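Report on the following structure.
Values quoted throughout were computed directly from the atomic coordinates according to the rules given, and no laboratory measurement underlies them. Because the structure is a prediction, the values reported are computed rather than measured. With ideal geometry, Cβ positions are generated from the backbone for all residues, glycine too; neighbour counts draw on all protein chains shown.
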Amino acid sequence: MIYTTLISAAELSRHLNNPDWLVVDARFSLAEPELGRQNYHTGHIPGAVYAHLNEDLSAPIVPGVTGRHPLPETGAARRFFAGMGVGPGVQVVAYDDQGGALAAARVWWMLRWLGHDAVAVLDGGWQAWQRSACTVSLGVDRRYPRTFTPQPRPEMLVSAAQVEVMRQEAGSVVLDARAPERYRGENETIDPVAGHIPGAHSAPYGGNLNPDGTFRSPEQLRLRYERLLGGVPPEKTAVYCGSGVTSIHNILAMRHAGLGEARLYAGSWSEWIADGTRPVALGAEVG
């Protein structure tokens, strides 16, 4: 059996000694970029290796062109994942301390984008592991590199030009995963322009989670996204956030609900506003 969406702390704990299982600690703080690595050193799931959102899971920013967390080229991503031990037959489990949104879901999506399906997010993340009273390790763990030959899936992505079309199409939906106040253009503290892509629906990723940080049930998630999509299939849906990270949480939620594969606008809001000719909307969505 392989895990392709979520896995519980109890199930993961039964496989920690399996050399064909790889745990990735992806904890990260936008406000303090080194905090996740510091937290990894002071305590992590035994055997876990660390992935830094800015350094390992993103390409360098090109000012005025890219968003804040552009995707790496497939070659760079392949080298990183192979170096940490991803290869054929390896089950990967990623976790963070933000319900999967920073940046465990990014690891999940990137590996699937490269053709590696045996990857899941730890449901409830680091907090669930601690609640389960499972053991922790200190310092740094390392794994032997493996041969990883990617089979990229470019169809999982949409460009800004495609989003411009989709936002105006009756048979497509664009979802904004940011908090409602950022969608409305209120209290924007991260990006230099406030607002949202005109026509996009507000779908904050926090709505996928229970109060304890675990995902809601597949049935609850299915009802949520059926309402948000209004009959449009996920395959005709684009998701975005501020920089293409937390939006993946919505893709994961739809997959866990059995609804299908939404597509990622990886540049997201921070790329959209880099071009001043692109339209911007403020306030609540009308219609």
What is the dipole size for the chain, taken about its Cα centre, with +1 at each Lys and Arg Cβ and -1 at each Asp and Glu Cβ, in debye to the nearest 20? 440 debye
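Would you please classify the overall shape of region 72-148 from the alpha carbon gyration tensor, given that a ≥ b ≥ c denote the square roots of the eigenvalues, rounded means a/c under 1.5, and beyond that prolate means a/b larger than b/c while oblate covers the rest? Each step should come with its number before you reach the end.
Numbers: a/c = 2.13, a/b = 1.53, b/c = 1.39.
Prolate, since a/c reaches 1.5 and a/b exceeds b/c.
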Once both axes come from the Cα atoms, what is the angle between helix 74-84 and the longest principal axis of the chain, in degrees from 0 to 90, rounded to 10? 30 degrees
May I ask what percent, to the nearest 5, of DSSP beta bridges between residues of region 157-272 are antiparallel? 10 percent
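I need the per residue convex hull volume for region 119-197, using only the alpha carbons, in cubic angstrom as a whole number.
Value for region 119-197: 242 Å³ per residue.
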Dipole axis of the chain (+1 Lys, Arg; -1 Asp, Glu on Cβ), positive-most option in P150, G36, P198: P150
Can you tell me the alpha carbon radius of gyration of the chain divided by the globular rule-of-thumb value 2.2 N^0.38 Å? 0.96
